[in-house]
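Please treat every number below as a calculation from the coordinates, not as lab data. If you're wondering where the values come from, they're calculated on a predicted model, not measured in any experiment. Positions of Cβ are backbone-derived with ideal geometry, glycine not excepted, and every protein chain shown enters the neighbour counts.
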Amino acid sequence: MALPILYSYRRCPYAMRARMALKLANIDVEIREISLREKPAHMLKVSPKGTVPVLVLQDGSVIEQSLEIMQWALKQHALGANIHAGAGASVLGLISENDDAFKRALDAYKYPERYPNKTQTQHRADGEVFLKKLENLLLENSNLFSVAPSLADIAVFPFVRQFAAVDAAWFENSPYPKLQTWLKKLVESELFNSVMEKQPTYIA
């Protein structure tokens, strides 16, 4: 039987978290690494929005949002997945804040020339509101909501990684030691490195 198909782009944070969840849940998929300039016709047919990730299941059904892919994956292997798949209000609320206010601050911080209403430092300060919240959560546990990683850790991590990389020297000297440790652990994890292996570009 053919595997589910995951249309992905290696460096996209949304695709990263989908791949990480699928890996944690031990779900094998056919990864089709796309070119942003020449998106596969099949991907656009099943998902006209034209963004990754897109998961096409064996029955032909399509899951188009990264968070929904993560939730589906962990639900398939709720007992065997190496993750605490909590989806309570606190977890989902944090993910929502990441995907909304923090993502906007991240984009402005990375590309300040596109957002001249504030300086880059001011955009960074906007993002730090979220970093401070994460630091406070990590004062209690080694992960955001428990000793084991939650859905939130995997969902938030790729975006914090991008934020830290904008000015690595600043982040290394920032007042977020717990967050620095958490990020380093995930960046160096076997899970992250396995989903970041380069794939050939899929040619339809």
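Farthest toward the dipole's positive end in the stretch 89-190, which of 164, 122, 143, given Cβ charges of +1 (Lys, Arg) and -1 (Asp, Glu) about the Cα centre?
Result: 122, furthest along the dipole toward the positive end.
With each run of n ≥ 4 DSSP H residues scored as -39500 (n - 2.57), what mean residue ellipticity at 222 nm is computed for the chain after dividing by its residue count and rounding to the nearest 500 deg cm²/dmol? Walk me through the numbers before you get to the answer.
Working: 10 runs with 103 residues, N = 204.
Rounded to the nearest 500, the figure is -15000 deg cm²/dmol.
Sequence neighbours fewer than 8 away in the same chain don't count; with that in mind, list the lysines whose C-alpha is under 30 Å from residue 23.
The reachable lysines, counting only those whose Cα sits under 30 Å from residue 23, are 39, 45, 49, 75, 103, 110, 132, 133, 178, 184, 185, 198.
Using just the alpha carbons, could you tell me how many Å³ per residue the convex hull of the stretch 89-190 encloses? The partial results should precede the final answer.
Values: hull volume 9.4 nm³, N = 102.
Dividing the Cα hull volume of the stretch 89-190 by its residues yields 92 Å³.
For the stretch 5-82, treating each Cα as an identical point scatterer without solvent, what Debye log10 I(q)/I(0) comes out at q = 0.23, 0.25 1/Å?
Values, matching the q order: -1.03, -1.20.
From the C-alpha coordinates alone, can you work out the Kirkwood hydrodynamic radius of the chain, in Å?
Working: mean 1/r = 0.0562 Å⁻¹.
Over the chain, the inverse of the mean reciprocal pair distance is 17.8 Å.
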